[in-house]
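Take a look at the structure below.
The values are calculated or read from the model by the stated rules, or taken from the named source; none is laboratory data. Fair warning: this is a prediction, and the values are worked out from it, not measured in the lab. When we count neighbours, we look across all protein chains shown, and the Cβ atoms used for this are built from the backbone with ideal geometry, even at glycine. We work out accessible area using only protein heavy atoms, side chains counted, and drop any ligands, DNA or RNA first. Shrake-Rupley method; radii C 1.70, N 1.55, O 1.52, S 1.80 Å.
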Amino acid sequence: MRIAYFDCWSGISGDMTVSALLDAGAELSSIQSAVDSMGLAGVLATASQTTRKGFRGLLFSVTHPPQNVHRNLSTILGLIRRSSISNNAKDIAMRIFERIGRAEAKVHGTSLDRIHFHEIGAIDSIVDIVGTAVAWDELGIEKAYASPIPTGAGTVKIAHGVVSIPAPATAELLSNVPIAPCGLPFEMTTPTGAAIVAELIEEFGPIPSIQVNRIG
């Protein structure tokens, strides 16, 4: 069985997840092909080597033309369905977005069909989630574990104004997920990262007894 363990000591976000999966062996070209097949014109997914505090890592980023679009859930699911990615990757991506939709509907006190995504509906977030699904499927991950999740502290500015960390949707997504204490004044875990964790991680705690083959 191929197992993934996410050591989230510094939180988790969509681009962090894609970066780690690419560094563990997934192909960037597969993610770009997925983006192209969704009809997202002018969107380019890149990955570059970087160094933080003396240690190397991979940095995933997305460049795209200016946009001012608030997409709803059905629009995003339509983009995924018409893409050329595998059925398993489509299922993963749609499950993550549906989980986000339910969380957003709850915190805004509305129904799922009336939700319009702001930050999560942006092209970079769509690529992060679809990229995670494509890389997850390509690596053949069958089960995933993670450490407790730190959210950070302080405030963050979102489309609805300045809110406390974790932002409302992030807090809702992390319901029943073990939270690690963290007083750092940063948003350590984003809504996208929280949704990935909530949907794909089966167990939380220390690293299980495994043989490590790849590290991202």
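Residue separation times 0.36 nm, minus the C-alpha to C-alpha distance between ARG214 and LEU28: what's the value?
Stretched fully, the ARG214-LEU28 segment lengthens by 65.3 nm.
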Quick one: with all protein chains in place, what share of the accessible area of the stretch 11-142 is carbon or sulfur, to the nearest percent (1.4 Å probe)?
-> 51
P(r) over all Cα-Cα pairs of the stretch 88-164, 10 Å bins from 0 to the longest distance, whole percent per bin, short to long, reads 15, 38, 37, 10
Enumerate the amide H contacts of ILE179 below 5 Å, restricted to partners 5 or more residues apart or on another chain; note that Pro and chain-start residues carry no placed amide H.
-> ILE149
Going through the stretch 5-51, which chymotrypsin sites (Phe, Trp or Tyr not before Pro) have at most 14 other Cβ atoms within 10 Å and a DSSP loop state?
-> TRP9
Accessible surface, the chain, averaged per residue in Å² (probe 1.4 Å) = 50
The chain, relative contact order in percent, only Cα pairs under 8 angstrom and at least six apart counted = 31
Projected convex hull area of the stretch 1-63, Cα atoms, direction-averaged, in nm², equals 5.5
What distance in nm separates the simple spin-label points at GLN67 and GLU202, each placed 7 Å from Cα in the Cβ direction?
-> 3.3
Simple label model, 7 Å out from Cα along Cβ direction - LEU112 to ALA153, nm | 3.7
Taking amide hydrogens as modeled 1.01 Å from N in the peptide plane, which residues meet the under 5 Å criterion relative to ILE158, leaving out close sequence neighbours?
-> VAL163
Using alpha-carbon coordinates alone, the radius of gyration and Dmax of the stretch 106-214 in Å work out to 15.3, 46
Pick out, from ALA167, CYS8, PRO191, the residue whose Cα sits farthest towards the positive end of the charge dipole of the chain, with +1 on the Cβ of Lys and Arg and -1 on the Cβ of Asp and Glu.
-> ALA167
Using only C-alpha positions, report the orientation-averaged shadow area of the convex hull of the chain, nm², one decimal.
-> 11.9
Full-stretch length increase - PHE55, SER84 - with 0.36 nm per residue and alpha-carbon distance subtracted = 6.9 nm
From most to least accessible, 1.4 Å probe, no ligand or DNA/RNA atoms counted, LYS90, LYS53, LYS157 line up as LYS53, LYS157, LYS90
Magnitude of the Cβ-charge dipole (Lys and Arg +1, Asp and Glu -1) of the chain about the Cα centre, nearest 20 debye, reported as 180
